[in-house]
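Working notes, beginning with the structure itself.
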Amino acid sequence: MRFRHRHIDGVALRACIRPDFKALWDKISQKTRYAIHFDTQQLINLASHKLKNMPVVKPVTLTIGHTQTKLTNAGFGSDRQISTPKELYISSHDVLPDLIGVLQERTYLTRDTLLTIIRNCKRLGEFKTNPQGFITESAKQIKKALDGLLVDGIRYEKLGGERYKMELFDEPELETYLDRSYQVLHGNQGSQVQTPYNYIECDSQIERKTAHALDGAENVKFFCKLPRWFTIPTPVGEYNPDWAVVLEEDRKVYLIRETKTTHDSDKRRLEENLKILCGEAHFKALDDVDYRVATSVDEVISIS
């Protein structure tokens, strides 16, 4: 079931002019751009090592077997296998693709860099017996090497004069699925709006628990699930962080939280881990914003 919720009665507008929200937005609305700094020889060494140790790329094979069939009123059907299937290896190909050219398209590295990596791996024999398989696995390993260097090499810098507009919160229409949404029960502290939307889209159980815990909490001055249009550029695609929170204890703190089910990076997808690392670098370039991964409600509002 789908629903359309229109922002009426100035709900979004009142949130936008609340001082706590304005202070938060002034800190996180700054747009940035990234650059990746790494040593080319370091990349060559790492990628060469990964290609040397990647799984064996087996030759293309044809499997040939013989099965006895019979014709019945229902049509043809298999009766029994009369010989054990045999695999025939295709040892050569008449035309080989441009290995370096294809890898260049997939990795955006220079031909000289890729040539050095391929020479170092000393596994070109596998390319000759299975060109597509070798290209696919080689591109995968080179991208892993690039991703590994990205961890230490990515830097973000502010784009002067470029910010996300606060007015985007007052978009006329929000469309989502009811069963994926938490309905805000409180959302106000006196005359002050605590969150801009009446419904919060939740992609996981931890997000639903977070929305419920923040809704109406006395020490939470403002919170919102960051809209889909609030994205950070990264080498692996746009990144949309989960939560923005203004918390007041002894002082006001401004939190950005990414909710996950685990802190164990090995149990998360590589793309997720890379986006989190880019999120850390992005918010580090901004001032006085606490960005962390949280796996529980307590961690969402933790400032220790």
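Where a number appears in this text, it was derived from the coordinates with a stated rule and is not lab data. Computed from a predicted structure; not experimentally measured. Here the Cβ is made from the backbone with ideal geometry for all residues, glycine too, and neighbour counts use every protein chain on show.
With a 10 Å radius around each residue's Cβ, average the other Cβ atoms per peptide and rank 235-247, 31-43, highest first. Kindly include the intermediate steps, with their values, before the conclusion.
On the way: 235-247: 18.7, 31-43: 13.6.
Those peptides, ordered most packed to least, come out 235-247, 31-43.
Over region 229-304, what is the mean sequence separation of C-alpha contacts under 8 Å (at least six apart), divided by residue count, expressed as relative contact order in percent?
Working: 94 pairs, mean separation 23.4, N = 76.
Relative contact order here is 31 percent.
Simple spin-label model, 7 Å along Cα-to-Cβ: LYS144 to ASP298 in nm?
For the pair LYS144/ASP298, the computed spacing is 3.6 nm.
Mind checking which aspartates and glutamates have their C-alpha under 20 Å from LYS122, skipping anything on the same chain fewer than 8 residues away?
Within the straight-line cut-off, LYS122 pairs with ASP98, ASP112, GLU137.
Between LYS158 and GLN41, what's the calculated FRET efficiency when r is the beta-carbon distance and R0 is 45 Å? Round to 0.05. Mind showing how you got there, number by number?
On the way: r = 31 Å, r/R0 = 0.69.
Once rounded, the FRET efficiency stands at 0.90.
For the pairs LYS22/LYS284; LYS27/LYS144; LYS143/LYS267, note any where the Cα-Cα span goes beyond 28 Å.
Working: LYS22/LYS284 20 Å; LYS27/LYS144 33 Å; LYS143/LYS267 19 Å.
In this structure, LYS27/LYS144 lie more than 28 Å apart at Cα.
Stretch ASN219-GLN132 to full length: gain in nm at 0.36 nm per residue minus the Cα-Cα span?
Working: separation 87, 0.36 × 87 = 31.32 nm, distance 5.75 nm.
Net length gain for the segment: 25.6 nm.
Can you tell me which aspartates and glutamates have their Cα less than 15 Å from the Cα of LYS252? Leave out same-chain residues fewer than eight positions away.
Once the sequence-local aspartates and glutamates are set aside, what remains near LYS252 is ASP20, ASP26, GLU218, ASP287, ASP288, ASP290.
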